[in-house]
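Asks: Sharing a structure, written as structure tokens. Questions coming.
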Protein chains: 6
Amino acid sequence: VPEPPVSPRQSFTEMTELVLPHHTNAVGSVFGGTVLSWIDVCGAIAAQRHCRRVTVTAAIDELVFLAPIKLGNVVRLVGRVNAAFRTSLEVEVRVEIEDRRTLVRAPCVSALLTFVGLDDNGRPAEVPPLLAETDDDALREREAGVRRAERLARKPVRSLGLGPSR
Amino acid sequence: VPEPPVSPRQSFTEMTELVLPHHTNAVGSVFGGTVLSWIDVCGAIAAQRHCRRVTVTAAIDELVFLAPIKLGNVVRLVGRVNAAFRTSLEVEVRVEIEDRRTLVRAPCVSALLTFVGLDDNGRPAEVPPLLAETDDDALREREAGVRRAERLARKPVRSLGLGPSR
Amino acid sequence: VPEPPVSPRQSFTEMTELVLPHHTNAVGSVFGGTVLSWIDVCGAIAAQRHCRRVTVTAAIDELVFLAPIKLGNVVRLVGRVNAAFRTSLEVEVRVEIEDRRTLVRAPCVSALLTFVGLDDNGRPAEVPPLLAETDDDALREREAGVRRAERLARKPVRSLGLGPSR
Amino acid sequence: VPEPPVSPRQSFTEMTELVLPHHTNAVGSVFGGTVLSWIDVCGAIAAQRHCRRVTVTAAIDELVFLAPIKLGNVVRLVGRVNAAFRTSLEVEVRVEIEDRRTLVRAPCVSALLTFVGLDDNGRPAEVPPLLAETDDDALREREAGVRRAERLARKPVRSLGLGPSR
Amino acid sequence: VPEPPVSPRQSFTEMTELVLPHHTNAVGSVFGGTVLSWIDVCGAIAAQRHCRRVTVTAAIDELVFLAPIKLGNVVRLVGRVNAAFRTSLEVEVRVEIEDRRTLVRAPCVSALLTFVGLDDNGRPAEVPPLLAETDDDALREREAGVRRAERLARKPVRSLGLGPSR
Amino acid sequence: VPEPPVSPRQSFTEMTELVLPHHTNAVGSVFGGTVLSWIDVCGAIAAQRHCRRVTVTAAIDELVFLAPIKLGNVVRLVGRVNAAFRTSLEVEVRVEIEDRRTLVRAPCVSALLTFVGLDDNGRPAEVPPLLAETDDDALREREAGVRRAERLARKPVRSLGLGPSR
């Protein structure tokens, strides 16, 4: 029996973090690796909510730091599933900084990741299809499909870093 | 100029965590101290959103673990301000576990904390009053006031642990 | 066979910590969640020494921060069992800061926690009774009993945060 | 005075990690966020060795997980600068797993990141040009330039996640 | 004015730790580096209590692991100052495992470390002399002196690892 | 069948770390325990590469801090096997700080550790002999043998810290 489709709304994930000194780097902003961990968790939860399975990160397709995050900032992450392919999902994670005095939020990282759902033997499992409920859902799903096609087309060009040790 | 009142809706905070092995204890559930850290962060962010200042934890007035949290669980925390006193706030934090297969959420920790807002010299600062928008807001505010009165009445009975080293 | 009673002296626990930058918050004092983790460990060890079983945190009944802890401070925690009920224990944890130059200690947190002992299947197990050896032991045991009766009387008033998602 | 060119050999970075339980996820392989942190550190060190300045992560342009990393594995990361633009660098990081019995290494992650060098005021600073010493250096530099041109061409299409909160 | 002598009793330090999964290695015992961190903190606190200054680790003169520490164990560390030289101290740290069911303690690590006290400019400062109060204090002080003489005699033989990169 | 000898070159290990705030102590240099963890990992990987088995730290025979490591520094560790005895190895770990502007490296810690290889039941297993390929290899092997003989001769003098609690 195929699994029923799942809408982005059902897997939508919100995380909030408070920046403490152990998250920072030598110049007082958040260390890149800390943000990457938060993004990975946020995306993984959205993926898991879609699949109702354990998921693992397969790729980061795009990730841009737009502004540094400072000690004491409140950081908000939201994760949403853009598209479901056979055994994988494109998940978008956005990170925002919230100003302590005005509560105004400014985007600081934008990321697209691919997650894969695993069956009980740790092998890729089919994931439920996406249920696009809104025009925005449908647009994102279409764009994700285009990006995936482009990536698959680009890849064979050069086996980046996968040949024998250079 | 007194600061304008802030509603619980404006400071409402949602956090999501994925339980990893480094969060667990020797019997495979989440180590108590880990959950307490998450609760403290969640409450501090709600308090900071209300005050628009740095806040520090002044007290945990009540905290009950209702169910263990297991490795792999998704945990959701929500924080909301119940009441604002002169320089302090009562913040309620609820923790829920989300079942991976059904997405059904079950409560696992319920906590009431007091936070204090600090001015730029690190001294307690007046906090904005609460704006109760709903009947539930008003009920919670009233109950928080009762709890506070009871606590203040209870305290003097015995200077618990504050005398000279025993 | 019922287990022999255990005195507070036998389960008394002392911990010492040195405050490093990764323990701190954005204003240079120890992050609340760090102290809560230390308190939870200290209480759990005292509880485990009393029960000789794995124990889990069931509740924080009262916890007050009296003074901030600063980077570089030496922090001392002591945990002692105040009372043993059927399957649970009230444990008191006091946290003190030690001045580096004078070695004078000042109280900074005072907490009362409830721990539950678990059997090999992870279910609550009966805990040994308390052996009050001194007048202070007996006073604490009596007070813990009063607090517990008050808590049980207070609880039913309102099912705090346990109803359906509000 | 322009800074002298720097060869990839001079900034080449090698890191080694031993996988411990606190690096893992719920299914016993390394948690994605942990690997991302290692990759970010490795790339940052290579970038810093090229610029001789503090650098920050600006983007992850491509990152693929090829195989899971297991508890107890030795992990080797190598980072090398592929190309230097005006104020930014493309750095490639490859992650390999080493089999404990045979010492054979298998690739497990391949990543391309962009780092930006900062001046003493935290603003982007010009970075030294790349000195391509080998044919492979020159090939990589050329490919990085192509990727960058493609990225710049792709970006304007859609302001991903940067519009008002959806 | 020379500082008054300090007895080992005054700087005696006791730490207690509960072994959680994030402290362990791939075979389920405590990761060596975790124990070394605990030992370093324990020794540093004893040294700081003697000097009433910030101290830094100068050397580990001897450290032996006698038995593995397992997940769930309670670990007790005690630190004591054996001898004070001009600007340095020999501190002994012993680590014991406590059996959960019997509370019997077994030694598991024994270590001798040298700490140096720093003045406000971060330079070595004279430390107070040791006040040997018991025969055991005097014996330890004498032995520490012998060990130090032997170490100073041994050192010049070979500039271990300090020459140009081999 | 005895295992074939392994040369120091085959087990040589290089690690690189970037010093972040969570690695530091109250005076802004790297906390001793952090460096000790890095050294332990570096030595363990070299030992594991020699034995092709899980190894555990048996002792630190000598460890000297020569210079403090500061926030933002790049730290390089190299580990090499000096000698193989029946079930144990002497591993030398050197730690160097790299100046960000000149890339000049200065030694900051020098350590000698003993590791033991474990069989699948967690018991000491015979380790492969060392294959000294160079004069330096042979010199180091000889010196390690002398140090071991001296240590064995020194030990019985006093059962340091292993008697009943003092």
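The values are calculated or read from the model by the stated rules, or taken from the named source; none is laboratory data. Quick caveat, the model's predicted, so the values are computed rather than measured. Cβ placement follows ideal geometry from the backbone for every residue including glycine, while neighbour counts extend to all protein chains displayed. Just the protein is used for accessible areas: all its heavy atoms, side chains included, with ligands, DNA and RNA removed. Shrake-Rupley method; radii C 1.70, N 1.55, O 1.52, S 1.80 Å.
Asks: Residue E:34 versus (1) farther than 24 Å from residue C:97 by Cβ; (2) touching a residue at least 12 places away in the same chain (Cβ under 8 Å); (3) in contact with a helix residue (DSSP H, G or I) (Cβ under 8 Å, 6 or more places away or on another chain): which is the lone unmet condition?
Replies: The number of the failed condition is (2).
Asks: Output the residues belonging to the range A:115-147 that are in contact with a Pro (Cβ under 6 Å, 6 or more places away or on another chain) and charged (D, E, K, R).
Replies: Result: A:137, single match.
Asks: Here is a follow-up. For residue E:74, state whether it is more than 12 Å from the chain's Cα centre (by Cα), β-branched (Val, Ile, Thr) and more than 12 Å from chain F (Cβ to nearest Cβ).
Replies: Spelling it out, residue E:74 is indeed more than 12 Å from the chain's Cα centre (by Cα), β-branched (Val, Ile, Thr) and more than 12 Å from chain F (Cβ to nearest Cβ).
Asks: Out of (1) closer than 19 Å to residue F:19 by Cα; (2) touching a Leu at 6+ places or on another chain (Cβ under 8 Å), the odd one out for residue D:18 is which?
Replies: (2)
Asks: Does the range F:40-61 contain at least one residue that is among the hydroxyl-bearing types (Ser, Thr, Tyr) and under 10 Å from the mean Cα position of the chain (by Cα)?
Replies: From the range F:40-61, those among the hydroxyl-bearing types (Ser, Thr, Tyr) are F:55, F:57; that's our starting set.
If we keep only those that are under 10 Å from the mean Cα position of the chain (by Cα) too, we end up with F:57.
Yes, that holds for at least one residue.
Asks: From the list E:37, E:11, exactly one residue is hydroxyl-bearing (Ser, Thr, Tyr), modelled with pLDDT of 95 or more and under 14 Å from residue F:40 (Cα atoms). Which is it?
Replies: Working: E:11 fails: under 14 Å from residue F:40 (Cα atoms).
Testing whether each residue is hydroxyl-bearing (Ser, Thr, Tyr), modelled with pLDDT of 95 or more and under 14 Å from residue F:40 (Cα atoms) leaves just E:37.
Asks: Which numbered condition in (1) in contact with a helix residue (DSSP H, G or I) (Cβ under 9 Å, 6 or more places away or on another chain); (2) closer than 22 Å to residue D:43 by Cα is the only one that residue F:26 fails?
Replies: Just one mismatch for residue F:26, condition (2).
Asks: Taking into account only those residues within the range E:107-131 that are over 18 Å from the mean Cα position of the chain (by Cα) and among the small types (Gly, Ala, Ser), which is farthest from the other protein chains (Cβ to nearest Cβ)?
Replies: Among them, the one singled out is E:125.
Asks: If I filter the range B:42-55 down to residues being touching a Ser or Thr at 6+ places or on another chain (Cβ under 8 Å) and crowded, with 23+ Cβ neighbours inside 10 Å, which single residue comes out as farthest from residue B:123 (Cα to Cα)?
Replies: B:42
Asks: Tell me, which residue of the range B:12-32 that is buried (at least 24 other Cβ atoms within 10 Å of the Cβ) and in a helix (DSSP H, G or I) is nearest to the other protein chains (Cβ to nearest Cβ)?
Replies: Selected residue: B:32.
Asks: Look at residue C:80 and say whether it is in contact with a helix residue (DSSP H, G or I) (Cβ under 7 Å, 6 or more places away or on another chain) and either on the phi > 0 side of the Ramachandran plot or of a type in the set (Lys, Arg) (or both). Reasoning before the result, please.
Replies: Values: in contact with a helix residue (DSSP H, G or I) (Cβ under 7 Å, 6 or more places away or on another chain): yes; either on the phi > 0 side of the Ramachandran plot or of a type in the set (Lys, Arg) (or both): yes.
In short, yes.
Asks: Please go through (1) at pLDDT 95 or above; (2) under 20 Å from residue D:54 (Cβ atoms) for residue D:121 and return the number of the only condition it doesn't satisfy.
Replies: (1)
Asks: Residue C:95 - would you say it is within 8 Å of another protein chain (Cβ to nearest Cβ) and either hydrophobic (A, V, I, L, M, F, W, C) or closer than 27 Å to residue B:154 by Cβ (or both)?
Replies: On the way: within 8 Å of another protein chain (Cβ to nearest Cβ): no; either hydrophobic (A, V, I, L, M, F, W, C) or closer than 27 Å to residue B:154 by Cβ (or both): yes.
It is false that residue C:95 is within 8 Å of another protein chain (Cβ to nearest Cβ) and either hydrophobic (A, V, I, L, M, F, W, C) or closer than 27 Å to residue B:154 by Cβ (or both).
Asks: Okay, moving on. Consider only pairs whose beta carbons are under 7 Å apart and that are at least six residues apart or on different chains; among these, list those whose first residue lies in the range F:97-122 and is more than 30 Å from residue D:120 (Cα to Cα) and whose second residue is among the basic types (Lys, Arg) and open to solvent by 30 Å² or more (accessible area, probe 1.4 Å).
Replies: What qualifies is F:117/F:53; F:118/F:53.
Asks: Of all the residues that make up the range C:5-50, how many are more than 18 Å from residue C:68 (Cβ to Cβ) and not acidic (Asp, Glu)?
Replies: Pass one, the range C:5-50, residues more than 18 Å from residue C:68 (Cβ to Cβ): C:5-16, C:40-50.
Then keep just the ones that are not acidic (Asp, Glu); that gives C:5-13, C:15-16, C:41-50.
So the count comes out to 21.
Asks: Under 6 Å by Cβ, and 6 or more places apart or on different chains, what pairs join a residue from the range A:39-53 that is more than 10 Å from chain D (Cβ to nearest Cβ) with one that is of a type in the set (Phe, Trp, Tyr) and open to solvent by less than 10 Å² (accessible area, probe 1.4 Å)?
Replies: Sorted first by the residue in the range A:39-53, then by its partner, the pairs are A:47/A:115.
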